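Below is one structure; the comments refer to it alone.
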Amino acid sequence: FRRAHHGIAKLALGVAIAAVIAGVAYSFSRSSYFGAAAVLAVFALRRPARGLVGAAIAAGVLLALAPSPIIARIGTVWSSSGLDVSSAVRLDLWSSALRMFAREPVLGVGYLHFADQLPAYFLSTGNYDTSVIQLSALVYAHNTYLTVLAEAGVIGGVLVGALIFAGWRRAWSAARSGDEAGESAVLAFVGVGVCSIFGEPLFVPALLAAL
């Protein structure tokens, strides 16, 4: 945005930035909030000290201007009232994925077979009514890394890890050389990597194609 010299270019970039911020905010996805925070932190850390100050001010302004439903959703991240049902189920899904991996560590239970195998591995440890949970609708572990390990085992994990490593090396090398596209790629890896701890963003074709 800073390097754009034409008014139309600055306007287009400003609209794009606003659209991204609004999209993340109104997703009401806590994993998106974590990913956005990580992207902002890495972006600021790669700049002089004033970048950190600017990022902190920008984050503060955005929070101050955010509508109350968004603030309420963000507040659930550090709520002291215990885990909500969504978080409790997610933890149980992670445990189930780990049990699948422990049972089939080499090849996993099979690609897209997480939902098929889940009833045999799911154990509720949270304080919620399991009768309202439709296990057949839970097709992923809500964690990309655990989903890959559960469905494809060590072999799948190594192959996916190799792809990530190769892409990261190219992105980081380009970013260090001053290539803005390289830095964009690094930030994309950071954001998607953090979101992948809590969901499967790369299983959405549009996001996978973009990355």
The chain: Rg/Rh from Cα coordinates, Kirkwood Rh? 1.02
Largest first, please: the extent of the C-alpha atoms of the stretch 122-211 along each principal axis, to the nearest Å. 55, 25, 23
Report the residues of the stretch 83-109 in range of a label on residue 129: point 7 Å along Cα→C-beta, backbone N strictly under 19 Å from it. 83-90
Given the whole protein assembly as supplied and a 1.4 Å probe, what does the accessible area of residue 40 come to in Å², nearest 10? 70 Å²
State in Å² the accessible area per residue of the stretch 114-156; use a 1.4 Å probe, count heavy atoms of protein chains only, and round to the nearest integer. 54 Å²
If I fit a long axis through the Cα atoms of helix 30-45 and take the longest principal axis of the Cα atoms of the chain, what angle between them do I get, 0 to 90°, rounded to 10? 40 degrees
So the carbon and sulfur contribution to the accessible area of the stretch 57-211, 1.4 Å probe, in percent, is 66 percent
How far apart, in nm, are two points set 7 Å out from the Cα along the Cα-to-Cβ line at residue 177 and at residue 27? 3.0 nm
Per-residue HN-Hα couplings for the stretch 84-98, Karplus 6.51 cos²θ - 1.76 cosθ + 1.60 at θ = phi - 60°, whole Hz, x for Gly and Pro? 7, 4, 4, 5, 5, 5, 4, 4, 5, 5, 4, 4, 5, 4, 5
Starting from the Cα gyration tensor of the stretch 1-57, multiply each eigenvalue by 5, take the square root, and state the resulting semi-axes largest first in whole Å. 22, 19, 7
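The values are calculated or read from the model by the stated rules, or taken from the named source; none is laboratory data. Everything quoted here is computed from the prediction, not taken from an experiment. All Cβ positions, glycine included, derive from the backbone under ideal geometry; neighbour counts span all protein chains shown. Accessible surface is based on the protein model in full, side chains and every heavy atom, while ligands, DNA and RNA are left aside. Shrake-Rupley method; radii C 1.70, N 1.55, O 1.52, S 1.80 Å.
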